[in-house]
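In what follows, a structure is listed as structure tokens, so that the remarks can point back to it.
The values are calculated or read from the model by the stated rules, or taken from the named source; none is laboratory data. Small disclaimer: the values here were computed from a predicted structure and weren't measured. Quick reminder, even Gly has a Cβ in these numbers, built from the backbone with ideal geometry, and neighbours come from all protein chains shown.
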Amino acid sequence: MDIIFLSDLRVETVIGIWDWERKIRQTVSIDLEMSADIARAAATDDVNDTLNYKLVAKRLQQFVGDSDFQLVETLAEKIAGIVLDEFEVGWVKVRVNKPGAIRGARDVGILIERGVKPGKS
């Protein structure tokens, strides 16, 4: 199995449960791992034969930037759904960090895996 990854995609959004959080935009950081078969792309050297991570990033920047969820858990689920449904990926690992959400911690967040990881039954 091959994995295409995207690390530390930062997007400003409305996220949080507190009244003050609903009035401001905060940065979330997104890490993705997506299953892919890169053999054809490696042979042809053509972006059309692989998962175009630039298109994934642009789609998520637009979606997350326009969203206003209360929970990072909800945001992570929605991100996973977009990647699985719109980019024909069979498995995705999504990590959403909310930097500075807890005093004394660099960040807090959620890590989920959805779909079927190739090689697993």
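See the values below:
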item	result
Qualifying residue in the range 60-67 (condition: surrounded by 12 or more Cβ atoms within 10 Å (Cβ to Cβ), farther than 21 Å from residue 19 by Cα and touching a helix residue (DSSP H, G or I) at 6+ places or on another chain (Cβ under 7 Å))	yes
Filter pass, residue 50 being surrounded by 12 or more Cβ atoms within 10 Å (Cβ to Cβ) and in contact (Cβ under 8 Å) with a residue 60 or more places away in the chain	no
Residue tally, condition of a type outside the set (D, E, K, R), in a strand (DSSP E or B) and either under 25 Å from residue 17 (Cα atoms) or out of contact with any strand residue (DSSP E or B) (no Cβ under 9 Å at 6 or more places or on another chain) (or both), over the range 108-121	5
Any hit, the range 13-24, residues being in a strand (DSSP E or B) and either in contact with a Ser or Thr (Cβ under 8 Å, 6 or more places away or on another chain) or under 17 Å from residue 77 (Cα atoms) (or both)	yes
In the range 74-107, the residues that are loosely packed, with under 13 Cβ neighbours inside 10 Å, at pLDDT 95 or above and either part of a loop (DSSP other than H, G, I, E, B) or within 10 Å of the chain's Cα centre (by Cα) (or both)	none
Candidates 71, 55 - the one that is modelled with pLDDT of 95 or more, surrounded by fewer than 16 Cβ atoms within 10 Å (Cβ to Cβ), over 14 Å from the mean Cα position of the chain (by Cα) and among the hydrophobic types (A, V, I, L, M, F, W, C)	71
Residues that are within 21 Å of residue 116 (Cβ to Cβ), in contact with a helix residue (DSSP H, G or I) (Cβ under 9 Å, 6 or more places away or on another chain) and not aromatic (Phe, Trp, Tyr), drawn from the range 1-38	2, 4, 6, 32, 34, 38
Residue within the range 28-46 that is within 17 Å of residue 87 (Cα to Cα), among the β-branched types (Val, Ile, Thr) and part of a helix (DSSP H, G or I) present	no
Output for the range 108-118, where each listed residue is aliphatic (A, V, I, L, M) and surrounded by fewer than 16 Cβ atoms within 10 Å (Cβ to Cβ)	108, 111, 112, 116
